[in-house]
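Following: one structure in structure tokens, then a few remarks.
Read-outs: derived from the displayed coordinates by stated rules, not from any lab. Everything numeric here is computed off the predicted structure, so don't read it as measured data. Here the Cβ is made from the backbone with ideal geometry for all residues, glycine too, and neighbour counts use every protein chain on show.
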Amino acid sequence: MNRPPRQAAWIDQLGRWIRPAAPAPRRAGFHGRLAGRLALGLQGGGALGAFTWGVLDRLLEEPDLPLSAVSGASAGAVNGAVLVSHWVKAGPKGARAALDRLWHRLAEKGRPVWMPALGQAAGAMALDVTARLFSPYQLNPLDLNPLREILAEEVDFAALASARAPELIIAATRVSDGAARLFRRGEITLDAILASACLPVIHQAVEIEGEGYWDGGYSSNPPLRALVEGDPPDDLLVVQLNPVRYVGLPKSSRDITQRVNQVVFNRPLMEEWASLEPEAAAGRFRLHRLVIEPDKLPPGGALDLDWNFLEALRDQGRAQAAFWVEARALTGT
């Protein structure tokens, strides 16, 4: 089948990034575009989570989206919590509106107050340098975090605990031993999401039940095995924010730091993905992945909340999700 050049290039590039799981046999009862139970694994990555916003925005346009479970770490946990709570309250249309509102609010309030004055690139560089010299306990002794106010207003925690809600699983990293803690239905609080998104160079550790927690991306980014325990979904779609491959050699301080973070935050995902491939090949479920294409974006990174950058991320996420939906409709895999 002849594909448009852009689609063919995207498929070729994705194939070079990672060896895909062997095609799984179609499960009985499959029909339609996205029929069958769908679970989403949402990786963390700060501002890059706007790519995930775009993916979700497009998926939520599908009629009768069969969403059964969502997992996430850091930005993935934030997106997931807003998605699920508003899915319960107002359905897919309400979830789309809430995600749009979330990212507008993050762009307005989710960066240090001095960053607009310095400019986005200079502000991110200044934050990087400052974080190397001072800890958040020195720079931010009151632990002020604009994300707390935003999440308190945008997430309905009672809805997350509802039996009608798709299962939500979010990860945080326990400081004492580096292990992942997975928060599930009935355990997800405002502090749990803040813990999942707690970068230790910017914020103080979040204490829950006497334990300190940092960003979930260090240990489970996002949780995947938990999504296929027991009765697995028909399809598990992972939204990956950190590219596996890097072209060239990073030489500036910022580029080196960015690449180190990509390697560190990708490791848990790559390990869990590899562990699931044999089960997918055996037909227990189907594995899918959408990955950011950084070479098709304006300059920016995980701390860049410039609205033009966020819009570009959103639009790329929407485009990739649309292509995936159409491919599923044509092939059923």
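Is the shape of segment 146-206 best called rounded, prolate or oblate, per the rule: a/c under 1.5 gives rounded, else a/b larger than b/c gives prolate, else oblate, with a ≥ b ≥ c the square roots of the Cα gyration tensor eigenvalues?
Numbers: a/c = 3.30, a/b = 1.37, b/c = 2.40.
Oblate is the answer for segment 146-206, as a/c is 1.5 or above yet b/c matches or exceeds a/b.
Give, rounded to the nearest 20 debye, the magnitude of the charge dipole that segment 175-226 has about its Cα centre when Lys and Arg contribute +1 at Cβ and Asp and Glu contribute -1 at Cβ.
Result for segment 175-226 is approximately 300 debye, rounded to the nearest 20.
Name the lysines eligible as straight-distance cross-link partners of Lys251: C-alpha to C-alpha under 30 Å, and not fewer than 8 places from it in the same chain.
Lys296
Reported to two decimal places, what Rg/Rh ratio describes segment 184-333 when computed on Cα atoms with Rh from the Kirkwood expression?
Checking Rg against Rh, the ratio lands at 0.98.
Along each of its three principal axes, how wide is the spread of alpha-carbon positions in segment 46-103, in whole angstrom units, largest first?
Sorted from largest, the Cα extents of segment 46-103 read 29, 20, 17 Å.
Could you give the dipole magnitude of segment 224-333 about its Cα centre, charging the beta-carbon of Lys and Arg +1 and that of Asp and Glu -1, in debye to the nearest 20?
Result for segment 224-333 is approximately 320 debye, rounded to the nearest 20.
Kirkwood hydrodynamic radius, computed over distinct alpha-carbon pairs, for segment 294-333: how many Å, to one decimal?
11.5
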